[in-house]
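Heads up, the thing below is written out as structure tokens.
Every read-out reported here was derived from the displayed coordinates using simple, explicitly stated rules and does not represent laboratory data. Remember, it's a predicted structure, so these values are computed and weren't measured experimentally. Here the Cβ is made from the backbone with ideal geometry for all residues, glycine too, and neighbour counts use every protein chain on show.
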Amino acid sequence: MDLQLRSISKHFGGIRALNRVSLQISGSQLVGLIGPNGSGKTTLVNTISGIYKPDDGNIVLNGQEIGRLKANEVARRGIGRTFQVTRAFRRMTVMENMLVPAMAIPSGKGHRETHERARQILNFLTIDHLRNDYARSLSGGQQKLLELGQLLMADPELLLLDEPFAGVHPKLMETIFEYITTVHAQGKSFIIISHDMASIFTLSQRLVVLHYGDIIADGPPDVVKEDPAVIEAYLGEDEDD
Ligand SMILES: Nc1ncnc2c1ncn2[C@@H]1O[C@H](COP(=O)(O)OP(=O)(O)O)[C@@H](O)[C@H]1O
Ligand SMILES: [Mg+2]
């Protein structure tokens, strides 16, 4: 997997959410994306995943321009994402939710095989016993696990996770940690947005820091942590948002 963001910009009226952002992710990487509230993290993920079109610049995946593709086309090319607020179908069961991505992105596998894979993933995520329950009856943390499960059903090469730990019980957080490390070990890449500094410092091999739409640091976590520009950006930032 090779993803290149080449000087992408995104404006909303007078707000420059992304300001000529360039970034390359090659091979299997686990990238943490951090930055103060409103710095453009979600906008970056929305732009990579085709929900927003960049005003300027190019997004190149494995040598092909994807910056003008629709979200479902980007997903077909192997980029999957979760949302800051989960979007599971509340009136469908957990299992039905798991089968939706397989319908959207045909894998050529039979129904039995797809079903079997869904069970394996639900089991791994510790929610297999809930497979016949409606998604709306799940806790917030369990809904996040379901969304991670749906993502895996689409079998993407690059997984974009927007705040996967927010509001999640510590016990379920361990499961999410294990999910990320296991899937990464299978050769997949991640961009993970998180406000949970302890988790993201532990997990990432590389940290990218956004501030008012600019990348102000990009490197190993222990180097980025000491960067004066990063410390400056976080001064005055509310601890828990
Ligand atoms: N759909 C939108 N319409 C207008 N402004 C937006 C929209 N999405 C994001 N913004 C603005 O862009 C900036 C970056 O937002 P966002 O990417 O959500 O930040 P973060 O995820 O880092 O908290 C903020 O000023 C936000 O208000
Ligand atoms: Mg956000």
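Quick rundown of the values:
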| quantity | calculated |
| --- | --- |
| Axial C-alpha extent at least 15 Å, average Kyte-Doolittle at least 0.5 - helices from the chain (DSSP) | 94-104 |
| Listed residues 81, 91, 68, most fluctuating in the chain (Gaussian network, C-alpha, under 10 Å) | 91 |
| Alpha-carbon Rg with Dmax, taken over region 2-234, Å | 17.5, 54 |
| Relative frequency of Cα-Cα separations exceeding 28 Å in region 105-241, percent | 28 percent |
| Relative contact order, percent, region 2-234 [alpha-carbon distance under 8 Å, six or more residues apart] | 27 percent |
| Whichever aspartates and glutamates have a C-alpha closer than 16 Å to that of residue 109, once near sequence neighbours (fewer than 8 apart) are set aside | 155 |
| Computed FRET value (nearest 0.05) for residue 231 with residue 77, which takes r as the C-beta separation and R₀ as 51 Å | 0.85 |
| Antiparallel DSSP beta bridges within the chain, percent to nearest 5 | 55 percent |
| Helix-derived mean residue ellipticity, 222 nm - over the chain, DSSP H n ≥ 4, -39500 (n - 2.57), to 500 | -10500 deg cm²/dmol |
